[in-house]
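The values are calculated or read from the model by the stated rules, or taken from the named source; none is laboratory data. All values reported here derive from a predicted model rather than from experimental measurement. Cβ placement follows ideal geometry from the backbone for every residue including glycine, while neighbour counts extend to all protein chains displayed. In case anyone asks, the SASA skips ligands and DNA or RNA and just uses the protein heavy atoms, side chains included. Shrake-Rupley method; radii C 1.70, N 1.55, O 1.52, S 1.80 Å.
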Amino acid sequence: MREFGHEVIREDGNPPLTLLQHVKLHFAIGIASGFIFGTLEFLFEKYIYKRVSFGKTMLIGSVSYMISILLLVTFGIRSFSRIVGIEFDWAFLQTFIFSKEMLLLTSYIFMVGFLIDFFREVDKKFGPGNLWKMIKGEFYHPKEENRIFMFLDLKSSTTIAEQLGHSKYSQLIQTCFLDVSDLVIKHKADIYQYVGDEIVLSWSIEDGLQDLNCIKFYYNYRDLLESKRNYYESKFGLVPQFKAGLEMGSVMVAEVGEIKREIAYHGDVLNTAARIQACCNEFNRKVLISENIESALSEITNNEYELMGDIQLKGKQKNLKIYAVSDLILN
């Protein structure tokens, strides 16, 4: 074929493709593309995005898309053509690969793939869904929300840092924070901030109380780390353990900053959650919750929580009842 897609005689002597054959061909390509690129996205999400830098992610993704397109055209069209009843030969495939249509298709898929990866990574920088909210200006003016906050902190962090050294310690924190990702999605949490060796998580009241998400998150994370005991012990010589403090209530949320923008929560709820988490060592408990959360959970479950006392937290004028959560809550 001297020119692809026009009414000319193909070099193999066969008549050009009809409009219906073109439709069938592109339909077949669409099915194959969906399967290949869907598989790529799954593999990238599971093995690439969490382990390489932003720039390398973009490069690997773009190159993979290009290679996939060539493989798709070279091997996929021939197989799918038999399904739709069109006979192809290698001469036709070679012509198609170097045609204007192929150049447009490659450019289109490359740009779409690049933009998808770019916006996905940017969305992760702000937190899932927050990029779109910032584009809409949802947080341009401060607004009030009711939320649950958890301060999740590495236990014995100072001792571990001295034991491992700053480089190995940073690798430990990085690995722990990577492992938390899937559970964040499973338990409908939002990661608000990473602060040193601490993660600040947040839920809407409905999502946090539903199926005890705000509590089960901690125990499932603990079990995940325990399931990887051999890995952590071989690489770091220990299995990390975390402690958590939770509080719920009204906060203000707003978009802040100019040179570096982010979505920030302001309110006494965060200070209280941090103070509660700091009491874990004092009471030798792994999970402590405020009386506000205890009251809300008691309304939807029959679980009992151990009262630690009517405590005056640092920086607080009024005492606050603090409760400990037992592993039995999961039974």
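For SER326, the residues 5 or more places off, or on other chains, whose built amide H falls under 5 Å of its own are GLU306. Note on PHE98 and SER326: the extension gain reaches 75.5 nm, defined as 0.36 nm multiplied by sequence separation minus the Cα-Cα distance.
The label-point distance for ASN319 and ILE67, in a model that sets each label 7 Å from Cα toward Cβ, rounds to 6.6 nm. The share of alpha-carbon pairs in region 139-222 lying farther apart than 18 Å comes to 48%.
Could you sort out which of LYS243/LYS316; LYS286/LYS316; LYS186/LYS318; LYS260/LYS316; LYS243/LYS314 sit more than 26 Å apart by Cα distance in this structure? Beyond 26 Å: LYS186/LYS318; LYS260/LYS316. Note down, for region 208-331, the three equivalent ellipsoid semi-axes (square root of 5 times each alpha carbon gyration tensor eigenvalue), biggest first, whole angstrom. Output for region 208-331: semi-axes of 25, 22, 16 Å.
Report note on the peptides 229-236, 263-270: ranked by the mean count of other C-beta atoms within 10 Å, highest first, their order is 263-270, 229-236. Residues whose amide H lies under 5 Å from that of GLU262, counting only those 5 or more places away or on a different chain, are VAL256; hydrogens are built 1.01 Å from N in the peptide plane.
Estimated from the Cβ-Cβ distance and a Förster radius of 35 angstrom, the FRET efficiency linking LYS186 and GLN312 is about 0.45. Once both labels are positioned 7 Å from their Cα atoms along Cα-to-Cβ, the gap between GLU258 and GLN193 label points is 2.2 nm.
A simple rule links phi to the HN-Hα coupling: the Karplus curve 6.51 cos²θ - 1.76 cosθ + 1.60 with θ = phi - 60°, which for region 264-271 gives 10, 9, 10, x, 5, 4, 5, 4 Hz, with x for Gly and Pro.
DSSP beta bridges confined to region 181-298 are antiparallel in about 75 percent of cases.
Say R0 is 45 Å: what FRET efficiency, to the nearest 0.05, do PHE283 and THR39 get from their beta-carbon distance?
Details: r = 49 Å, r/R0 = 1.09.
Taking R0 as 45 Å, the efficiency between PHE283 and THR39 is 0.35.
Solvent-accessible area per residue in region 192-297 equals 44 Å², computed with a 1.4 angstrom probe and all protein chains kept.
Centre-to-centre, using Cα atoms only, region 243-276 and region 163-181 are separated by 24 Å.
Stretching the chain fully between LYS228 and GLU144 yields a gain of 26.3 nm (0.36 nm per residue, less the alpha carbon separation).
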